[in-house]
Amino acid sequence: MADIFSIDELRTVYPDAVIEKDGKSAIDFQALSLILAREVSDLQDQLNEKDYQILRITERLDSLES
């Protein structure tokens, strides 16, 4: 896929971000921004969970060294 989404690709991945306006498809940038913000937030939560898991593993390894 190219760096830029076509409206059809966008409709496939984010159907709520594409609207019909005057008989033509258009991007609802506000809806797209909200969708992408939720996805970024979910990714941040996943990264924070992974960081916590790594911290716990590191603590266990440190306790085994003692």
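Among the residues of segment 12-24, those identified as part of a helix (DSSP H, G or I) and in contact (Cβ under 8 Å) with a residue 12 or more places away in the chain are D16, A17.
A quick yes/no check of all residues on (1) in contact (Cβ under 8 Å) with a residue 24 or more places away in the chain; (2) within 16 Å of the chain's Cα centre (by Cα); (3) not in a helix (DSSP H, G or I):
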{"position": "A26", "(1), (2), (3)": "no, no, yes"}
{"position": "A31", "(1), (2), (3)": "no, yes, no"}
{"position": "D42", "(1), (2), (3)": "no, yes, no"}
{"position": "Y52", "(1), (2), (3)": "no, no, no"}
{"position": "L64", "(1), (2), (3)": "no, no, no"}
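Which residues, counting only those in segment 1-14, are more than 15 Å from the chain's Cα centre (by Cα), surrounded by 10 or more Cβ atoms within 10 Å (Cβ to Cβ) and not acidic (D, E)? The answer is F5, S6, I7, R11, T12. Within segment 22-49, can you find the residues that are exposed (fewer than 12 other Cβ atoms within 10 Å of the Cβ), of a type outside the set (G, A, S) and under 20 Å from I4 (Cβ atoms)? K24, F29, Q30, E39, V40, listed by residue number.
Which of the residues belonging to segment 1-11 are assigned to a helix (DSSP H, G or I), hydrophobic (A, V, I, L, M, F, W, C) and touching a helix residue (DSSP H, G or I) at 6+ places or on another chain (Cβ under 9 Å)? Selection gives L10 alone.
A short reminder: the numbers here are calculations on the coordinates, not readings from a lab. Quick caveat, the model's predicted, so the values are computed rather than measured. For neighbour counting, all protein chains shown are included, and Cβ atoms are generated from backbone atoms with ideal geometry for every residue, glycine included.
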